[in-house]
Amino acid sequence: MLFHSLEFIFLFFPIVLIGYFVLNARKNTSYGLLWLSLSSLFFYGWWNPTYVWLILFSMAVNFCIGKHLVARCRKAWCVGIGVAFNLLLLGYFKYMDFFIENYNFVFRTEHALWHLVLPLGISFFSFTQIAYLVETYKGKVSRQDALSYMLFVSYFPHLLAGPIIHYEQMMPQFLDEKLKSVNWENMSKGLFLFSVGLCKKVLIADTLAEWADTGYAVVGSVELGMLTAWTIALSYTFQLYFDFSGYTDMALGVSRMLNIKLPINFDSPYRAGSVIEFWRRWHITLSSFLRDYLYIPLGGNRRGTWRKYGNIMATMLLGGLWHGAGWTFVLWGGIHGAGIVVNHVFRAEKLSMSRWVSVPLTFLFVNFAWVFFRAQDMAQAFSLLKSMCWFHGVQAISMGADLALPDGRREFLAVVGLFFLCQIVPNSIKMSEAFKPKKAWAVAAGILLLLGICCLNKSTTFLYYQF
């Protein structure tokens, strides 16, 4: 089930919302937690009920290891077993075909691919549970019961595409008696955030998806003009941002209506003046996870400059691989790792530049890197990059009505305009902080929600479901 579906907006969420607060009114508020847990599992199983058993199995194993850590064995090797379990489960579904393909290439064999279906959200709930085990080992988990843990992992606003959450962030909120009744300020702010996210998704991201998908479908088979190539690349750059940040806004909004605050995942990343700053603004919970559970354990910056640079590269290469089972993702991670290293060198040399220069440069760097992230293979990526660099002339070309390829003029101006829009307009988090439950804000939220609902007929799935 998707946040931008009619069944979610008009059936699932209203029923969950009403049921949650009605059950919380009873003396035993655990009924509300149970309701939210079962609703979350129903939400997850809407796509494929079979995989409900997978997430239940994963939760059961991790919960038992967590209990064992507290009761009997607060040892690093015990955490290692739990981490290995999560990585093996993730690796089996996400990377088995990637492993077979590379094994066949290296050893010239012809083993058949398994073509496993990737369970939705497995990357996110695997990382969530790895963080739980490490936090349990460090003594940060103060309460352990099966119901609380099931809700923590399966909580539907974050389950399928993040943000990545931590036990000590969420459990105090789930158990706080003050948050068990309807809070109309939270309800209005949450609805406003949901409406903004819905519009970002269905009005902007899905329009850009048509341009990006049509363009990438012909990259490599047609000589594209530079303007058209840039239109295709920029369309995906902004599609990915508005798609993922729109989903996050909806997740934060839905959770806020339940009186639960999820961590912020985006903070205007295309305003970043360096690659380091970009990763402090883009997918913030993943950046924090990679820093805390990979970069720092590798040694961080504690073992000299060159070791620090090596740790950065290793972290970003693995971060790229986490996004997808393909060498294009690994290269994308490596490009960002190299960019971060260069940033550190600049800082070490005490070099700086004006943000009027650094922000556009950072954006161009990120845009070039997204080409590898989106491309089906290296050949397609380099073909588009060649077209972007004037190899086939500046002119835009029209591929005819059948392909409906953007002609590179009107669409190019539109995507360039989105860059300036991202620089000028306050992001959704800033807007929600300024939100007041007054008539003008209510009208704005209503208009946004109505616009989003009217455009649901052309909506596509969220991009990050496949990662």
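The values are calculated or read from the model by the stated rules, or taken from the named source; none is laboratory data. What you are looking at is a predicted structure, and each value in this text was computed from that prediction instead of being measured. FYI the Cβ positions are ideal-geometry reconstructions off the backbone, even for glycines, and counts take in every protein chain you see.
Side notes on the structure shown:
Yes/no matrix, rows are residues, columns are (1) among the charged types (D, E, K, R); (2) surrounded by fewer than 16 Cβ atoms within 10 Å (Cβ to Cβ); (3) under 21 Å from the mean Cα position of the chain (by Cα):
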{"position": "7", "(1), (2), (3)": "yes, yes, no"}
{"position": "22", "(1), (2), (3)": "no, yes, no"}
{"position": "31", "(1), (2), (3)": "no, no, no"}
{"position": "51", "(1), (2), (3)": "no, no, yes"}
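- In region 416-427, the residues that are surrounded by 17 or more Cβ atoms within 10 Å (Cβ to Cβ) reach residues that are at pLDDT 90 or above and assigned to a loop (DSSP other than H, G, I, E, B) with C-beta atoms within less than 6 angstrom, at least six apart or across chains, in these pairs: 427/268.
- Checking each residue of region 290-308 against the condition of being in contact with a Pro (Cβ under 8 Å, 6 or more places away or on another chain) and buried (at least 20 other Cβ atoms within 10 Å of the Cβ) gives no match.
- Any hit, region 236-249, residues being surrounded by fewer than 20 Cβ atoms within 10 Å (Cβ to Cβ), more than 21 Å from residue 368 (Cβ to Cβ) and not acidic (Asp, Glu): no
- Checking region 67-76 against the condition returns no match, with no residue being surrounded by fewer than 19 Cβ atoms within 10 Å (Cβ to Cβ), closer than 24 Å to residue 160 by Cβ and in the same structural domain as residue 142 (by TED's automatic domain parsing).
Every residue, every condition in (1) in contact with a helix residue (DSSP H, G or I) (Cβ under 8 Å, 6 or more places away or on another chain); (2) at pLDDT 95 or above; (3) in the same structural domain as residue 269 (by TED's automatic domain parsing), yes or no:
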position: 336; (1), (2), (3): yes, yes, yes
position: 345; (1), (2), (3): no, no, yes
position: 364; (1), (2), (3): no, yes, yes
position: 377; (1), (2), (3): yes, no, yes
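- Members of region 209-230 found to be part of a helix (DSSP H, G or I) and under 17 Å from residue 386 (Cβ atoms), listed by number: 215, 216, 218, 226, 227, 228, 229, 230
- For region 419-440, the set of residues classified as in a helix (DSSP H, G or I), modelled with pLDDT under 85 and within 21 Å of residue 251 (Cβ to Cβ) consists of 432, 433, 434, listed by residue number.
- All positions within region 235-283 that are assigned to a helix (DSSP H, G or I) and more than 19 Å from the chain's Cα centre (by Cα): 257
- Residue count for region 153-163 satisfying the condition of being hydrophobic (A, V, I, L, M, F, W, C) and either touching a strand residue (DSSP E or B) at 6+ places or on another chain (Cβ under 6 Å) or at pLDDT 90 or above (or both): 2.
- Tally of residues being outside any loop (DSSP other than H, G, I, E, B) and either buried (at least 19 other Cβ atoms within 10 Å of the Cβ) or among the aromatic types (Phe, Trp, Tyr) (or both) across region 104-130: 11
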